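The values are calculated or read from the model by the stated rules, or taken from the named source; none is laboratory data. Values in this document were obtained by computation on a predicted structure and should not be read as measured data. Quick reminder, even Gly has a Cβ in these numbers, built from the backbone with ideal geometry, and neighbours come from all protein chains shown.
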Amino acid sequence: MLSISFFLLLGIPFLNGFGPVPFTVDISLGQEDTSWISAAAHNNMGSYLASGDFNGDGVQDLLTGTSEGPQYTEVYVYCGRRTIPHFIDFQSVQPDVMLIEGDLGDSMGYSVAAGDVNGDGFDDIIIGAPFGCGPNNDCSTMLEAGEVYIIYGSPSLPKQIDLRTQNPDVIIYGPGPLRDMGLDIKTADTNNDGIEDLLISSWEKFAPFRSLLYIVYGSKSLPPVTDLAIPGTASVIYGPADVATNLFVIGTGDFNGDGFTDIFLGSPSPTLPS
Ligand SMILES: [Ca+2]
Ligand SMILES: [Ca+2]
Ligand SMILES: [Ca+2]
Ligand SMILES: [Ca+2]
């Protein structure tokens with residue numbers, strides 16, 4: 001069975017943080033600090049990663065999706081700790097792992113992001129499901145509308161959340177069918193209010209085939225449901241009318257020194273979920 005692995009090198013307190021320089025690590029010889037293997041074949045685990053301190057213990061945690069699960073889609077949160085095993089097989093129940101499950105066909109976990117979007121000091125778990133079918137899960141009218149879920153960080157994160165039966169803390173719906181809202185998600189404080197905002201890539205997969213970026217502003221009082229079909233719920237940046245162009249945030253920072261975070265948009269042309 002072909003599964004996808006990824007590898008983590010842990011910095012150690014020496015010169016550049018990794019060890020004596022120059023150094024050599026050969027993953028084919030198992031010299032990485034830890035490697036993780038996915039729960040099932042062909043589920044794209046590790047294609048998107050994000051990190052943040054979701055449980056507020058001062059140690060960074062890892063968030064990764066598996067957008068092509070055999071039965072449904074899954075997202076894993078690995079809560080960082082001082083001693084990480086050399087090998088983690090996600091096919092079995094693991095300590096320090098939180099499992100989030102979603103609807104079959106939604107490609108939940110195709111994108112993931114981390115950021116403190118409610119300003120409580122805990123990084124939040126942000127998950128894109130670009131093939132989600134909207135508020136009533138009606139794929140006959142809202143096919144590929146796209147959904148984004150937020151689960152607030154907390155010292156008491158549950159071991160498992162099943163989004164087929166449980167609501168996240170916040171859900172954002174795409175404004176209509178064929179949008180793939182949530183194709184890519186980044187976070188940055190773009191309006192300088194001290195709370196990180198959501199930068200969500202989307203499409204209009206109908207003439208003239210535009211790519212879009214939604215900015216949903218973080219807030220201490222985010223509503224549990226945001227429907228982007230309602231005008232005024234988000235800022236919108238439209239990309240060029242070009243079916244081949246994605247509008248992804250490829251970098252953020254204050255590049256003109258005015259104290260406000262700026263956004264670099266690019267078109268990395270990733271493979272769309274199928
Ligand atoms: Ca942590
Ligand atoms: Ca938070
Ligand atoms: Ca903000
Ligand atoms: Ca700026």
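Some notes on this structure:
- Pairing each residue of segment 107-129 that is surrounded by fewer than 24 Cβ atoms within 10 Å (Cβ to Cβ) with any residue that is of a type in the set (D, E, K, R) and part of a strand (DSSP E or B), provided the two are 6+ apart or on different chains, yields C-beta distances under 8 Å for Asp116/Asp124; Asn118/Asp124.
- Screening Ala207 with (1) surrounded by 21 or more Cβ atoms within 10 Å (Cβ to Cβ); (2) more than 20 Å from the chain's Cα centre (by Cα) gives one miss only, at (1).
- Annotation note: of Asp169, Asp189, Asp180, Asp162, the sole residue that is crowded, with 23+ Cβ neighbours inside 10 Å and touching a residue at least 24 places away in the same chain (Cβ under 8 Å) is Asp180.
- Candidate set from segment 130-151 (those that are of a type in the set (Ser, Thr, Tyr) and surrounded by fewer than 24 Cβ atoms within 10 Å (Cβ to Cβ)); member that is nearest to ligand 4 (Cβ to nearest atom): Thr141
- One residue from Leu62, Leu157 being within 14 Å of ligand 1 (Cβ to nearest atom), assigned to a strand (DSSP E or B) and either of a type in the set (Ser, Thr, Tyr) or in contact with a strand residue (DSSP E or B) (Cβ under 6 Å, 6 or more places away or on another chain) (or both): Leu62
- In summary, Ala113 fulfils each of the numbered conditions (1) on the phi < 0 side of the Ramachandran plot; (2) within 16 Å of ligand 3 (Cβ to nearest atom); (3) more than 17 Å from the chain's Cα centre (by Cα) with the single exception of condition (3).
- Matching residues, segment 219-234, being of a type in the set (S, T, N, Q) and either farther than 18 Å from Cys133 by Cβ or part of a loop (DSSP other than H, G, I, E, B) (or both): Ser219, Ser221, Thr233
- Scanning segment 113-124 for residues that are out of contact with any Phe, Trp or Tyr (no Cβ under 6 Å at 6 or more places or on another chain) and in a strand (DSSP E or B), we see that the one that is farthest from Thr64 (Cα to Cα) is Gly115.
- Of the criteria (1) part of a loop (DSSP other than H, G, I, E, B); (2) modelled with pLDDT under 95, which one Met181 fails: (2)
- Residue in segment 85-100 that is among the charged types (D, E, K, R), at pLDDT below 85, farther than 20 Å from Asp184 by Cβ and away from ligand 2 (no atom under 16 Å from the Cβ) present: yes
- Pick from segment 218-251, criterion among the hydroxyl-bearing types (Ser, Thr, Tyr), within 21 Å of the chain's Cα centre (by Cα) and closer than 21 Å to Ala145 by Cβ, ranking: farthest from ligand 4 (Cβ to nearest atom): Thr226
- Among the residues making up segment 194-218, those that are in contact (Cβ under 8 Å) with a residue 12 or more places away in the chain and part of a loop (DSSP other than H, G, I, E, B) are Gly194, Ile195, Glu196, Lys205, Phe206, Pro208, Phe209, Tyr217, Gly218.
- When Gly134, Gly128 are checked against the criterion of being more than 29 Å from Thr261 (Cα to Cα) and among the small types (Gly, Ala, Ser), a single residue qualifies: Gly134.
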